[in-house]
Amino acid sequence: MLNYNSPAEIRRVLDALGLRLQKRWGQNFLINRGARRAIVSLVEPEERDTVWEIGPGLGTLTVLLLPEIRFLQVFEIDRGLIRFLNETFGDHKNFRIVAGDVMKTWKSCLDKQGPPDKIVGNLPYSSASALIGALAENRVAAKRMVFTVQRELAQRMTAEPGNKNYSSFTVLCQVAYRISERMKLKPGSFFPPPEVHSSVVVLQPNTEVIPDWSFFLRCTRALFRSRRKTMRNNLLAAGFTDSARLDRLFGELGIDPGVRSERLTPQELLRFSQRLKLDSEDL
Ligand code: SAM
């Protein structure tokens with residue numbers, strides 16, 4: 001079995017496979033033994049669990065997870081790594097590889113299989129925010145999701161109102177999930193070391209039923225379209241309603257019409273969008 005903590009061994013395996021590290025796929029392998037164990041324990045794997053792992057690479061997390069759970073499905077784009085994963089884990093009956101770009105494959109897996117119990121991944125930097133955004137938009141209700149992401153992305157996911165990192169992405173993530181940043185990782189935890197610091201975040205679904213979800217998504221995007229504009233002006237520019245109705249709604253909800261969206265909490269913005277939807281049904 002490959003020593004996953006040794007850059008020299010990883011390099012040797014990659015050379016033997018004739019593989020070059022692909023920067024565009026964010027191939028920075030986790031070589032910190034303590035971090036690998038801590039990430040797997042954050043997943044809280046249980047015997048009956050089905051787990052998805054995004055971007056398994058050479059299998060540094062896979063090898064720890066596989067013995068703990070009922071079924072592991074991994075999503076990997078790199079054909080050379082897929083070959084290695086097949087050779088290393090292919091004999092396990094509880095292991096399956098979904099080959100290709102996870103952004104193109106995950107949704108059909110969800111439609112066919114339903115949500116897994118848990119999702120884990122040391123996510124490639126290039127697709128981390130798009131993937132997390134897509135999971136949140138679809139309100140994928142895996143019980144726990146444990147993602148290693150660039151520190152800046154973790155800050156965007158956990159930002160509070162008024163913070164410079166607070167955006168429509170923050171609101172979407174925080175309405176769909178409870179999010180906590182659980183661990184910070186320095187570049188030296190990876191081989192090769194990336195130029196950025198990383199964080200491990202845990203996401204758990206907010207299971208509350210949210211009516212008019214697609215309206216909320218459209219409304220949130222409109223509310224943050226221009227950060228310099230007030231809530232009122234962003235909504236009017238997007239043609240959501242007319243100014244008289246909007247002013248009445250602000251009055252009823254006790255919201256200052258001159259406020260910017262970034263001042264309201266995700267729950268306040270959700271409630272606002274639900275009232276706006278009810279109001280616009282009367283139009
Ligand atoms: N899990 C391994 C680890 O921690 O050492 C590898 C993590 S590495 C940061 C990201 C992994 O995601 C790589 O194996 C890369 O090939 C894979 N990957 C990158 N883009 C992908 C995509 N669009 N779909 C599926 N896998 C992708």
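The values are calculated or read from the model by the stated rules, or taken from the named source; none is laboratory data. Just so you know, these numbers come straight off a predicted model, no measurement behind them. Quick note on the areas: whole protein, heavy atoms, side chains included, nothing else; ligands and nucleic acids left out. Shrake-Rupley method; radii C 1.70, N 1.55, O 1.52, S 1.80 Å.
Report the gain in length on full extension from ARG248 to GLU87: 0.36 nm times residue separation, minus Cα-Cα distance, nm rounded to one decimal.
Stretched out fully, the ARG248 to GLU87 stretch lengthens by 51.5 nm.
Kindly express, to the nearest 10 degrees and within the range 0 to 90, the angle between helix 7-16's C-alpha long axis and the longest C-alpha principal axis of the chain.
80
Of LYS184, LYS143, LYS93, LYS164, which has the most accessible area and how do the rest follow, probe 1.4 Å?
On the way: LYS184 130, LYS143 95, LYS93 190, LYS164 165 Å².
Per-residue accessible area, sorted high to low, gives LYS93, LYS164, LYS184, LYS143.
Can you tell me the Rg and the Dmax, both Å, for the Cα atoms in the stretch 213-281?
In order Rg, Dmax, the Cα atoms of the stretch 213-281 give 10.5, 29 Å.
So if I take the centroid of the Cα atoms in the stretch 53-112 and the same for the stretch 181-217, what is the distance between those two points in Å?
20
Residues of the stretch 213-281: accessible area per residue at 1.4 Å, in Å²?
51
What number, rounded to the nearest 500 deg cm²/dmol, is the helix-based mean residue ellipticity at 222 nm of the chain, given -39500 (n - 2.57) per DSSP H run of at least four residues and division by all its residues?
Taking each H run of at least 4 residues, the total per residue is -12500 deg cm²/dmol.
Give me the percent of the accessible area of the chain that comes from carbon and sulfur atoms, probe 1.4 Å, all protein chains in place.
Within the chain, the accessible surface is 47 percent carbon and sulfur.
Using the structure shown, select from LYS93/LYS143; LYS104/LYS164; LYS107/LYS164; LYS164/LYS186; LYS112/LYS143 the pairs with a Cα to Cα distance greater than 25 angstrom.
Result: LYS104/LYS164; LYS107/LYS164 exceed 25 Å.
Tell me, what HN-Hα J-couplings in whole Hz come from the Karplus equation 6.51 cos²θ - 1.76 cosθ + 1.60 at θ = phi - 60° for each residue of the stretch 58-69, using x for Gly and Pro?
The phi angles translate into 8, x, 4, 8, 3, 5, 7, 7, 3, x, 8, 10 Hz.
Ignoring everything but the protein chains, give the 1.4 Å probe accessible area of GLU181 in square angstrom, nearest 10.
GLU181 has an accessible surface of roughly 70 Å² with all protein chains in place.
5 Å is the cut-off here: which amide hydrogens, built 1.01 Å from N in the peptide plane, fall below it relative to LEU185, excluding neighbours closer than 5 in sequence?
SER198, SER199, VAL200
Taking a 1.4 Å probe, which of ARG79, ARG248 shows the most accessible area, and what order do the others take after it?
Reading off the accessible areas and sorting them downward yields ARG79, ARG248.
Quick one: 3J(HN,Hα) in Hz for the stretch 103-113, Karplus 6.51/-1.76/1.60 with θ = phi - 60°, rounded, Gly and Pro as x.
Per-residue couplings from phi come out as 5, 9, 10, 5, 5, 5, 5, 4, 4, 7, 9 Hz.
Using the heavy atoms of the protein chains alone and a 1.4 angstrom probe, what is the accessible area of the stretch 7-205 per residue in square angstrom?
45
Kindly express, to the nearest 10 degrees and within the range 0 to 90, the angle between helix 33-43's C-alpha long axis and the longest C-alpha principal axis of the chain.
With rounding to tens, the tilt is 50 degrees.
Could you tell me the center-to-center distance, by alpha carbons, between the stretch 1-48 and the stretch 224-249 in angstrom?
Comparing the Cα centres of the stretch 1-48 and the stretch 224-249, I get a distance of 48 Å.
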